[in-house]
1. Residue-wise, which Karplus ³J(HN,Hα) couplings in Hz belong to the range 129-139, taking 6.51 cos²θ - 1.76 cosθ + 1.60, θ = phi - 60°, and x for glycine or proline?
2. Could you work out how much longer the chain between THR158 and ASN174 gets when fully extended? Use 0.36 nm per residue separation minus the Cα distance between them, nm to one decimal.
3. Mind ranking 164-170, 86-92, 111-117 by how tightly packed they are, going by the mean number of other C-beta atoms within 10 angstrom, highest first?
4. Treating cross-link reach as a plain straight distance, find the lysines whose alpha-carbon is under 29 Å from the alpha-carbon of LYS138, omitting any fewer than eight places away in the same chain.
5. Under a 5 Å amide H to amide H cut-off, with H placed in plane at 1.01 Å, what residues pair with ALA133 once short-range neighbours are removed?
Amino acid sequence: MIAPTGMAMAEPQTQEAPLTAFSVAAGETQSIAVSADGAKIEAMVRSGFDVYVKPKPKPKPAPVAASTSGGGGGGGSAAPPRYSGGGSKQDWMTAAGIAQSDWGYVDYIVSRESGWNPNATNPSSGACGLVQALPCSKVPGNGYNPVDNLRWGNGYATGRYGSWAAAYDFWTRNHWW
């Protein structure tokens, strides 16, 4: 363009909008598609990005804790049968192969875990038996059989802590084992 004075003028400059936090954020946004259960999930394309929404996996059903009320395991429950036999704690520890020198430690822990009730079950965790094995299915045989439960507990105490004495020390510090 030539002005009346004969001088050449440059093209008029366009003014850009001022740079603000909002304008920067608006320029960098991405769209995300969210779907409800059972709806088809599709990719959305924006600014060259593909966005996928992965559905949440279905939760596994929680194990059903066996009832702490007395009686047998009737009613078609999948829980192991309750213990209805007799015996003393000394008989059970002997049959489980626990050394007599460890009986004091075992007695201390079992007294606090189950009160020597072979049918004890923790309703919130499902731990069972004298030593409160968790899960109850870890016990070979029957988790409510005091000999099976103590035999498993003996392996747990010596395997995890090295001895019943060390398991006792841990229990007295933490009030669990």
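All of the numbers you see were taken from the coordinates with simple rules; none came from a lab. What you see is a predicted model; the values in this text were computed from it and never measured. Backbone-built Cβ (ideal geometry, glycine too); neighbour counts: all protein chains shown.
1. So the Karplus estimates, Gly and Pro as x, are x, 4, 9, 6, 5, 9, x, 4, 5, 5, 6 Hz.
2. Numbers: separation 16, 0.36 × 16 = 5.76 nm, distance 1.76 nm.
Stretched out fully, the THR158 to ASN174 stretch lengthens by 4.0 nm.
3. On the way: 164-170: 17.9, 86-92: 13.3, 111-117: 15.1.
Order by mean packing, descending: 164-170, 111-117, 86-92.
4. Those lysines meeting the cut-off are LYS58, LYS60, LYS89.
5. Excluding prolines and chain starts, which carry no amide H, the hits are CYS128.
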